[in-house]
Amino acid sequence: MNHRFAARIACFFVLGPLFALCALPREASATDAGGEPELREIIVTATLRRVPDEQLPASVTVLGKDTLRAAGQQHFEDVLPLVPNLNWAGDTSRPRYFQIRGIGELEQYQGAPNPSVGFLIDDVDFSGLGSAATLFDVDRIEVLHGPQATLYGANALAGLIYVKSAAPSQTFGGRAEFDVGDYGTRSVGAVLTGPVASLDSAFRLAAQRYTSDGFYHNAYLGRHDTNNRRETTLRGRWRYVPSDVLHVDLTVLRVRIDNGYDAWSIDNSRTTQSDNPSVDQQHSTGISARAVYRGLPGATLTEIATYANSRIAYGYDGDWGNPLLWAPYTYNYTEFQTRNRTTRSLELRLASDAKQGLAWLFGVYAFDMREALGDSSYGLYIDPTADYSSQSLTVLTSRYRSRNGAVYGEFDGDLGARARWSVGVRGERHTAHYDDLTTNLGAPSTSNAFGPADKLWGGHLSIDYRAGRALHLYALISRGYKASGFNLSPGLAADERVFGPESIVNYEVGQKLATVAGRLQLDTSVFYMRRSAPQLKTGVQLVPDDPNTFVFYTGNARSGYAYGVENTLRWRATSAFTVGGSLAWLQTLYQGFAQNGVPLPDRPLAHAPDWQAALSADWRGPRGLYGRVDLTGMGGFYYDLPPNPTRSKPYAVANARLGWENQRLDVSLWVRNLLNKNYTVRGFYFGDEPPDFPNKLYTQLGDPRTWGVHVGMRF
């Protein structure tokens with residue numbers, strides 16, 4: 001069924017645009033009398049300059065506010081399947097780690113942050129902390145596919161996700177929203193915005209509280225809320241425009257994710273047996289200040305300063321059971337971590353104002369990260385039939401600091417009447433210092449200290465060619481990079497304690513069709529990415545009766561590659577009916593990777609499905625009625641690197657919304673996972689069941705069918 005679904009989506013992308021083009025009698029202006037309403041022009045803002053999507057020589061997906069409100073419900077997780085070649089790894093209550101084109105972290109149990117996918121909210125770096133991506137009062141989400149070294153350096157090897165909140169308005173107004181649904185779902189939020197004329201300013205305030213019991217039943221404790229969700233979002237924005245040449249934006253974000261975490265069961269169902277369910281909390285504060293000064297002759301100066309602090313608490317029941325389940329054996333393991341991460345950044349850009357001819361941009365960037373980690377692992381196992389017992393208690397405390405300094409530049413120019421070229425380069429120095437202390441029950445304490453330093457570079461070369469009034473063609477070569485790091489697991493050889501930096505070269509060609517009438521937009525990109533010394537992470541359980549004895553190891557493979565196709569489509573079929581979709585095909589492979597000196601087989605990357613597809617239909621009636629249906633799906637993928645041999649199964653999920661609105665009121669009924677499909681978002685393969693501890697696949701399930709009613713009021 002899922003392969004047939006992918007085939008139908010492929011036919012839609014091939015035949016749909018042909019029918020749409022045939023339906024357009026001429027390239028009329030959107031303002032012609034009797035013309036169909038046009039689709040809004042998409043402006044990409046995450047780049048160094050604001051660029052219309054059809055003129056950007058790169059693969060990018062933009063989810064606007066209308067899509068976020070119609071297809072989403074609470075979190076970036078809800079709309080993530082609409083983005084081609086973007087996936088996420090579970091093992092948390094909300095998506096925290098992302099993979100773009102198969103590249104990205106699956107988790108972070110040990111070591112220092114070393115993200116492959118950049119994640120920004122209003123310019124503030126939350127890479128590796130995606131739980132903060134609640135959707136309330138978000139204006140757009142932009143996903144830039146492929147290495148973004150010129151733009152963001154080492155943290156964007158695979159790509160960049162940029163979340164932008166709604167801006168202040170010069171007109172006073174606001175709204176209030178309420179949601180009620182099953183599984184104890186409740187949500188209340190409010191927005192207030194308006195001008196402050198006496199201060200040449202405008203403000204925007206947004207607040208939301210979302211709660212849910214979660215979707216699991218803990219049979220041992222008799223509770224339905226051990227995997228609950230308690231999420232609070234506060235946003236504030238201040239826009240100061242004292243003159244025509246100065247523009248200042250100040251943004252403050254406070255997100256409290258106070259979720260439970262009890263999502264693993266012995267039988268891979270939504271009925272857990274844990275006696276020690278834990279939490280997945282993230283309390284994040286982010287502040288950004290962006291100032292744009294246009295008073296220089298022929299140039300614009302931009303300053304971006306950010307600060308963020310995140311306090312994280314995360315734990316799980318290591319044995320996923322209880323005394324009654326494991327009797328006559330005593331088997332009890334727990335894991336709990338606390339993190340405190342603080343980041344600061346400062347960036348200055350000086351750019352020419354030229355819109356044609358030669359344009360230039362120079363920038364400097366400084367970034368500082370500090371993180372403190374506390375990790376406590378406890379375990380007890382007693383086998384009365386064999387007169388055997390073991391007990392462990394490990395407490396790790398660590399401190400980490402990294403500094404990045406970079407200079408970069410970009411030049412753009414005309415190449416004839418129809419083409420434009422762009423070249424950019426970035427040089428970066430990354431330094432880090434790490435130290436820890438590990439205390440073990442009944443064993444000597446151990447410590448580690450590392451101080452890697454790297455000089456890194458990347459950049460891009462691109463050409464955009466306007467083939468017609470509606471069609472742009474582009475070619476792109478870009479180079480990305482990622483800093484070196486280190487391993488903490490015991491038992492590793494000296495030459496396996498550290499791993500080197502990696503680099504990637506992306507070759508990409510594409511086309512972007514945007515009809516003048518604005519009724520059809522179709523983007524297609526074909527890419528091939530070659531990786532040098534790719535960093536790969538795997539793990540194995542050393543002690544069969546101790547699930548906390550996973551040895552995590554990151555090393556450099558010899559090489560790797562990824563190639564594929566990304567398509568996105570929007571078609572305004574009539575004034576009331578819009579069709580959209582995406583289709584991605586991906587092939588990945590790593591080569592020459594070994595763990596503890598043992599070569600591992602070459603195979604595709606984890607969490608890199610070979611296909612992903614999405615199809616949406618949005619209808620807006622003349623009397624306020626509206627409806628939207630989204631159908632998303634993906635192929636199977638490996639859950640992890642060897643020795644985990646297991647794969648997920650292909651799946652498709654349907655979401656729907658039906659409602660009515662006018663200028664003041666919006667009422668809708670929403671349903672997610674309409675057909676109640678079971679699908680998995682993470683899998684582990686190890687021994688967890690005494691007394692023999694056979695290796696077995698354990699999976700975390702995605703959300704089941706949920707429904708609710710939404711009421712919004714505007715003023």
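So that you can scan it fast, the table gives a plain yes or no per residue for (1) surrounded by fewer than 18 Cβ atoms within 10 Å (Cβ to Cβ); (2) charged (D, E, K, R):
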| site | (1), (2) |
| --- | --- |
| 401 | yes, yes |
| 404 | no, no |
| 410 | no, yes |
| 417 | yes, no |
| 422 | no, no |
| 425 | yes, no |
| 441 | yes, no |
| 448 | yes, no |
| 459 | no, no |
Task: Selection within segment 618-638 - touching a Phe, Trp or Tyr at 6+ places or on another chain (Cβ under 7 Å) and either in a loop (DSSP other than H, G, I, E, B) or surrounded by fewer than 21 Cβ atoms within 10 Å (Cβ to Cβ) (or both) - done: 619, 620, 624, 625, 626, 627, 635
- [ ] Scan segment 183-204 and report the pairs whose first residue is within 19 Å of residue 253 (Cβ to Cβ) and whose second residue is outside any strand (DSSP E or B) and not β-branched (Val, Ile, Thr), with Cβ atoms within less than 6 Å and a gap of 6+ or a chain change.
- [x] 189/136; 191/137; 193/168; 193/169; 202/168; 202/170; 203/168; 204/168
- [ ] Being β-branched (Val, Ile, Thr) and touching a residue at least 60 places away in the same chain (Cβ under 8 Å) narrows it down to one of 279, 255, so name that one.
- [x] 255
TODO: Consider residue 155 carefully, then state whether it is in contact with an Asp or Glu (Cβ under 8 Å, 6 or more places away or on another chain), more than 20 Å from residue 93 (Cβ to Cβ) and of a type outside the set (D, E, K, R).
DONE: yes
Open item on the list: Against the definition (surrounded by fewer than 23 Cβ atoms within 10 Å (Cβ to Cβ) and modelled with pLDDT under 85), how does residue 599 come out, yes or no?
Closed with: no
Open item on the list: Please count how many residues of segment 680-699 are within 14 Å of residue 264 (Cα to Cα) and assigned to a loop (DSSP other than H, G, I, E, B).
Closed with: 2
Open item on the list: With the structure loaded, tell me whether residue 420 is modelled with pLDDT of 95 or more and closer than 21 Å to residue 48 by Cβ or whether it fails that test.
Closed with: no
Open item on the list: Going by what's in this entry, would residue 582 be described as under 20 Å from residue 479 (Cα atoms), at pLDDT 95 or above, in a strand (DSSP E or B) and not acidic (Asp, Glu)?
Closed with: no
Open item on the list: Being surrounded by fewer than 19 Cβ atoms within 10 Å (Cβ to Cβ) and within 29 Å of the chain's Cα centre (by Cα): is that true of residue 366 here?
Closed with: yes
Task: The listed residue being touching a residue at least 40 places away in the same chain (Cβ under 8 Å) and over 23 Å from residue 585 (Cα atoms), out of 645, 650, 622, 694 - done: 622
Open item on the list: Take residue 674 and tell me if it is among the hydrophobic types (A, V, I, L, M, F, W, C) and more than 18 Å from residue 629 (Cα to Cα).
Closed with: no
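Yes/no per residue for (1) among the polar types (S, T, N, Q); (2) farther than 22 Å from residue 394 by Cβ; (3) surrounded by fewer than 15 Cβ atoms within 10 Å (Cβ to Cβ); (4) more than 29 Å from the chain's Cα centre (by Cα):
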position: 333; (1), (2), (3), (4): no, no, no, yes
position: 336; (1), (2), (3), (4): no, no, no, no
position: 353; (1), (2), (3), (4): no, yes, yes, yes
position: 371; (1), (2), (3), (4): no, no, no, no
position: 375; (1), (2), (3), (4): no, no, no, no
Task: Any chance residue 599 is of a type outside the set (S, T, N, Q), in a strand (DSSP E or B) and either without any contact (Cβ under 8 Å) to a residue 24 or more places away in the chain or farther than 26 Å from residue 68 by Cβ (or both) - done: yes
Open item on the list: Just checking: which of the strands (runs of 3 or more DSSP E) contained wholly in segment 420-488 hold 2 or more residues that are touching a residue at least 60 places away in the same chain (Cβ under 8 Å)?
Closed with: 453-466, 471-482
- [ ] Within segment 273-311, track down each residue that is in a strand (DSSP E or B), crowded, with 21+ Cβ neighbours inside 10 Å and touching a Leu at 6+ places or on another chain (Cβ under 9 Å).
- [x] 282, 284, 286, 288, 306, 308, 310
- [ ] Tell me, please, whether a residue that is surrounded by 19 or more Cβ atoms within 10 Å (Cβ to Cβ), more than 30 Å from residue 555 (Cα to Cα), of a type outside the set (Asp, Glu) and touching a Phe, Trp or Tyr at 6+ places or on another chain (Cβ under 6 Å) can be found in segment 672-689.
- [x] no
- [ ] Quick one: in segment 662-678, of everything that is touching a residue at least 40 places away in the same chain (Cβ under 8 Å) and part of a strand (DSSP E or B), which residue is farthest from residue 712 (Cα to Cα)?
- [x] 672
Open item on the list: Take the conditions polar (S, T, N, Q) and in contact with a Leu (Cβ under 8 Å, 6 or more places away or on another chain) and apply them to residue 352. Does it pass?
Closed with: yes
Open item on the list: Among the listed residues 678, 644, 655, identify the single one that is polar (S, T, N, Q) and over 20 Å from residue 183 (Cβ atoms).
Closed with: 644
Task: Which numbered condition residue 504 fails, given (1) crowded, with 20+ Cβ neighbours inside 10 Å; (2) more than 25 Å from the chain's Cα centre (by Cα); (3) of a type in the set (A, V, I, L, M, F, W, C) - done: (2)
TODO: Need at least 1 residues that are surrounded by fewer than 21 Cβ atoms within 10 Å (Cβ to Cβ) and at pLDDT 80 or above per element, so show me which helices (runs of 4 or more DSSP H) inside segment 1-96 make the cut, counting only ones lying wholly within it.
DONE: 65-71, 76-79
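The values are calculated or read from the model by the stated rules, or taken from the named source; none is laboratory data. Note that the coordinates shown come from a computational prediction; the quantities given were computed from them, not determined experimentally. All Cβ positions, glycine included, derive from the backbone under ideal geometry; neighbour counts span all protein chains shown.
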